[in-house]
Amino acid sequence: MTERRPRIGVLVFPGSNDDGDAAWALTALGAEPQLVWHAEPELPPVDAVVLPGGFSYGDYLRAGAIARFAPALSAVTEFALEGGPVLGICNGFQILCEAGLLPGVLRPNASLSFVCRDVSLVVEPAETLFTARCEPGQTLVIPVKHGDGCYQAPAGLPAAQVVLRYAPGENPNGSDDDIAGVINAEGNVLGLMPHPEHAVDTLLGSGDGSLILAALVDAARERSYARA
Amino acid sequence: MRATVLVRPKGGILDPQGEAVERALRQLGFPVGDARVGRVIDLEVDAANVAEARAEVEKMCDSLLANPLIESYEIELEGRE
C-alpha cells in the first residue's frame, strides 16, 4: 500500500513569490499541495498549511501587517486554533507574528541590507512536530533571503519556544539571541526566516530543508488518517 | 476631519534606519545624536466630533497602523476637543 499523500494548503498573497517552490518541495516530499488564494474565506480540506515567502502587499506599513487581514488568514487562524499544523516561512513568519499567532515581531535587518546566502542553524532541544526528523543540536544549512528578519522577542519568551537559532557568528540580521525560528506555546505553529523549501535537493546545495518540510508532511499525514 | 498619526520606534528598540541617518548627518558635519526614524500617516476621518475621531484613529493604530511591541503613536487632529 502506498502512503497517503496528505493535502497541504499553500497560501498565495499578492506579492508571494515562494509559493511555487513550497508547492514543488511538498510534492517532492510526498504531499499534495493546494494553492489557496488570499481572498478565499475558507480553506479547502487540508491537513496542514504553509504561509510562503515573498512580499505580501509589497511589505507596506510593516512586513506582514496587511496580509493578516486577508480573508484566508482568518481561516488559517481558525485552523491553527483547532491544532492544525501551520508553517510560516520568511514573509509567512512575519505574517504569523503580525497576526498574533506567534510571539514577537520581525524588524528590518540591523545592517539595513538584504541578505541572501546559506546560513547554519542549530536545532534547539525542544521536541516539536517540525523538528521530529532532526536531532537536538543538529546543524542544518538552509538559505535566508530577506530584508526584515531581525526577530524581536517579547520579554519573557520561554526558551522552549525557540526552535532554531543561527549558529554562533552566523546571525545574518541582528535577531535577538540568534533566534531563527519560534513556535507557539501549543506547538502547532512554527515560523522561521530561513527557506527550507529552497533546500530540498542536494543538487542545489543543501537538502537539510527537507527535514523540516518532511516532518510537516508526516504530521499532515497523521492528521489525515485521524480525520478519515 | 484631518488626522495625522505619528508612529515612532519605542525607546530602547534598535532603530537601524535612525542610526544610518545619524551617521549620514554626522558625515555632513551636523553634530546630531539619537536620530530615530518613524512614519507619518495622514488620514481623512469621517466622524461627528474630535473625540469620536480620536477614538476611531486609536482603534486604527492599535489594530494596524502601529505594532505595540515596537512602536508608539501620537494622534493629531485638526480642531479642538
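Only the coordinates and a few stated rules stand behind these numbers; no lab work does. Note that this is a predicted model, so its numbers are computed, not measured. Don't worry about glycine lacking a Cβ; one is built from the backbone with ideal geometry, like all the others, and counts go over all protein chains shown.
The table below gives the values:
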read-out: Failed condition for residue B:18, given (1) over 19 Å from residue A:112 (Cβ atoms); (2) surrounded by 11 or more Cβ atoms within 10 Å (Cβ to Cβ); value: (1)
read-out: Residue match in segment A:62-70 (condition: more than 14 Å from chain B (Cβ to nearest Cβ) and of a type in the set (A, V, I, L, M, F, W, C)); value: no
read-out: Residue A:142 of a type in the set (Val, Ile, Thr), over 19 Å from residue B:13 (Cα atoms), buried (at least 22 other Cβ atoms within 10 Å of the Cβ) and within 13 Å of chain B (Cβ to nearest Cβ); value: no
read-out: Residue ranges of strands (runs of 3 or more DSSP E) in segment A:1-75 with at least 1 members surrounded by fewer than 16 Cβ atoms within 10 Å (Cβ to Cβ); value: A:32-37
read-out: Number of positions in segment B:39-81 that are part of a loop (DSSP other than H, G, I, E, B) and within 14 Å of chain A (Cβ to nearest Cβ); value: 5
read-out: Checking residue A:98 against (1) more than 14 Å from chain B (Cβ to nearest Cβ); (2) buried (at least 22 other Cβ atoms within 10 Å of the Cβ); (3) among the charged types (D, E, K, R), the condition it does not meet; value: (1)
read-out: Residue that is nearest to the chain's Cα centre (by Cα), among those in segment A:149-174 that are of a type in the set (Gly, Ala, Ser) and closer than 11 Å to residue A:104 by Cα; value: A:153
read-out: Test: residue in segment A:26-39 that is under 30 Å from residue B:8 (Cα atoms) and of a type in the set (A, V, I, L, M); value: no
read-out: Of all residues making up segment A:1-39, the number that are more than 22 Å from residue A:58 (Cβ to Cβ), of a type outside the set (D, E, K, R) and touching a residue at least 24 places away in the same chain (Cβ under 8 Å); value: 12
read-out: Those residues of segment B:25-38 which are within 18 Å of residue A:109 (Cβ to Cβ) and either in a helix (DSSP H, G or I) or of a type in the set (D, E, K, R) (or both), in sequence order; value: B:36
read-out: Some residue of segment A:123-136 being free of Cβ contacts under 8 Å to residues at least 24 places away in the same chain, closer than 30 Å to residue B:68 by Cα and surrounded by fewer than 16 Cβ atoms within 10 Å (Cβ to Cβ); value: no
